[in-house]
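The values are calculated or read from the model by the stated rules, or taken from the named source; none is laboratory data. No experiment lies behind these values; they were computed from the predicted model shown. Positions of Cβ are generated from backbone atoms using ideal geometry, with glycine treated the same way; all protein chains shown enter the neighbour counts. Each accessible area value is taken on the protein alone, full model and side chains, heavy atoms only, with ligands, DNA and RNA left out. Shrake-Rupley method; radii C 1.70, N 1.55, O 1.52, S 1.80 Å.
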Amino acid sequence: MRTPFIAGNWKMNMTVSEASDFAEELLKLNLKEGVEAAICAPFIDLPVLVEKFKETDVKIGAQNVYYEQNGAFTGEISALMLQNLGIDYVIAGHSERRELFGESDSDVNKKVHAVIEAGMVPIICVGETEKERESGEHEVKVARQIKAALEGIKAEAADELVIAYEPIWAIGTGKSATSDDANKMCRLIRSEIEKLYNAETAEHVRILYGGSVKPATIEDLMSKSDVDGALVGGASLKTEDYTALISGAAQ
Ligand code: PGA
């Protein structure tokens, strides 16, 4: 059985004091058990979040990483630095990084290696554009992204992976994929994992849907066989919504 997973992706939101207030508020609320909860925050918010949630089961994630260990890479943060801080998850290849910052499949693969080597778990994002969906290329594109991201990753490490299927046209648009379409793509990703590794690994990998997920839609999504959770942007910024997502995923 795969543990349901709700990961918030704050993107470039929340100052350190706002992150601290969010944590204080969340600590007063009861999070439903049986769901793993994570918050992927801007780098500068990470120390305060790690500190605030250290006695809890809430996991903290970063939204990006650079693949070199250290050195002359002005402005970058390494996997070693994140691991040393006590970070659990690192998002790799979010579509905003691919589209706005020119991250390639090969960059994503190097980041996935760096994260795993540092003992953390990557949340690998894949997904198609609206044009690719309309022209029926979405399955080929997503399968290619999966294969490229996992190049050289061994089955033992792949077992713990988290993959997020995030159709680009659904991110931040309020236009979510239907739960059936989301499930179909999550199932496709699982079958790609089976081809790359084996049936057991494919059974263990957690596959999330992301793109305009709201408390009102989470239960329907989670009722689908291959959707193991959600990567949530906008609706993860308020503690009421975030806790509602976790409760919905626990149903
Ligand atoms: P959204 O973002 O929930 O605001 O659509 C999801 C994501 O980009 O991870």
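Quick notes on this structure:
- Scaled against 2.2 N^0.38 Å for its residue count N, the alpha carbon radius of gyration of the range 3-124 is 1.05.
- Each 10 Å bin from zero up to the one holding the largest Cα-Cα distance in the chain carries the following percent of pairs: 8, 34, 39, 18, 2.
- Per-residue HN-Hα couplings for the range 111-126 [Karplus 6.51, -1.76, 1.60; θ = phi - 60°; Hz; x = Gly/Pro]: 5, 4, 4, 4, 5, 5, 4, 7, x, 10, 10, x, 10, 8, 9, 9
- Segment Glu51..Lys175, full-extension length gain: 41.1 nm, with 0.36 nm per residue of separation and the alpha-carbon distance subtracted.
- Potential extension, Ser223-Phe73 segment - 0.36 nm per residue separation minus Cα distance: 49.6 nm
- Whole-angstrom gap from the range 55-121 to the range 173-206, using each part's C-alpha centre: 22
- Residue-by-residue Karplus 3J(HN,Hα) for the range 174-185, coefficients 6.51, -1.76, 1.60, Hz, glycine and proline x: x, 10, 6, 5, 5, 5, 5, 5, 4, 5, 4, 6
- Amide H contacts of Ala164: Ile124, Cys125, Val126, Leu208, each under 5 Å away and 5 or more positions distant or on a separate chain (H built 1.01 Å from N in the peptide plane; Pro and chain starts excluded).
- Loop-located trypsin sites (Lys or Arg not before Pro) across the range 120-177 with a Cβ neighbour count of 16 or fewer within 10 Å are Lys154, Lys175, with loop assigned by DSSP.
- Cα centre as origin, Lys/Arg/Asp/Glu Cβ charges: the range 51-142 dipole, Debye: 260
- Taken along the Cα-to-beta-carbon direction at a fixed 7 Å, the label points for Lys195 and Ser20 span 5.0 nm.
- Per residue, the accessible area of the range 149-251 comes to 40 Å² when a 1.4 Å probe rolls over the protein heavy atoms.
- Counting only Cβ charges, +1 for Lys and Arg and -1 for Asp and Glu, the dipole size of the chain around its Cα centre is about 180 debye.
- Residues in the range 69-80 carry Karplus couplings, in order, of 6, 6, x, 7, 10, 3, x, 9, 10, 8, 4, 4 Hz; the curve used is 6.51 cos²θ - 1.76 cosθ + 1.60 with θ = phi - 60°, and Gly or Pro positions show x.
- Note on exposure: Met1, Met120 ranked by accessible area (1.4 Å probe, complete protein assembly) read Met1, Met120, with the most exposed listed first.
- Protein heavy-atom surface of the range 92-204, 1.4 angstrom probe: 49% of the accessible area is carbon and sulfur, with nucleic acids and ligands not counted.
- Partners for Lys238 among lysines (Cα-Cα distance below 24 Å; same-chain residues under 8 apart left out): Lys11, Lys28, Lys32, Lys52, Lys54, Lys59, Lys175, Lys214
- Under-5 Å amide H pairs with Tyr66, H placed in peptide plane, nonlocal only: Ile77, Ser78, Ala79
- The chymotrypsin sites (Phe, Trp or Tyr not before Pro) of the range 32-83 that meet both conditions, a loop assignment by DSSP and at most 16 other Cβ atoms within 10 Å of the site Cβ, are Phe73.
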